[in-house]
Amino acid sequence: MAGWDNGGMTDNHSPVTHLTDEQSLDLLATKTFGRLVVHRKNDIDLFPLNYIVHDGKILFRTAEGTKLFSLNLNDDVLFEVDNVEQTSEDTGEAWSVIVKGTARILKDTTEIHAADEAPLKPWLPTLKYNYVVITPNEDGLSGRKFNLGEEPERY
């Protein structure tokens, strides 16, 4: 099937645009809510969280618990953020950015103090003492923009 090699049509009228790493990071920086996927030996989990983008990396805070435990077992993660803006019932724009990367729990006092200065506050009234930074892998950023619209005539 022609046109499926890159996940959709590839001509100039394509409803899907593949984004550069810089464009993907710029879009990530416009939002503060994403989803983290962690992998343990025989299980995976998905966690919603608030974050910021700093120096091309994702920074978030977390309390002790399953998320932190999972990151200690396996630092390979996926992080995903989406946005949809509809201009009418059947038109609009959307984008999705997925980050494949490595999560690192900050332990160095200097790094923790620097993270404390970042504009990152918990959304919930809870104490979250642990900072985690996600560094994208070499080809770990995947961003796409979508022009929403009605499905073309099928037959």
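A short reminder: the numbers here are calculations on the coordinates, not readings from a lab. Predicted model only: the values in this text are computed from it and were never measured. Glycine gets a Cβ as well: all are built from the backbone with ideal geometry, and neighbour counts include every protein chain shown.
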Using only the Cα atoms of region 67-144, what semi-axes does the equivalent ellipsoid have when each is the square root of 5 times a gyration tensor eigenvalue? Give whole Å, largest first. 30, 18, 12
Cut-off is 10 Å between beta-carbons; in what order do R144, R61 appear when sorted fewest neighbours first? R144, R61
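Taking square-rooted eigenvalues a ≥ b ≥ c of the alpha carbon gyration tensor, is region 31-104 rounded, prolate or oblate, where a/c under 1.5 means rounded and, failing that, a/b exceeding b/c means prolate?
prolate
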Residues V99, V77, sorted so that the one with the fewest Cβ neighbours within 10 Å comes first: V77, V99
Using Cα centres only, tell me the gap between region 36-57 and region 127-145 in whole Å. 7 Å
Any lysines whose Cα falls less than 23 Å from that of K121, other than same-chain ones fewer than 8 residues away, would be K31, K57, K67, K107
In the calculated pair distance distribution of the chain, what percentage of Cα-Cα distances lie above 18 Å? 63 percent
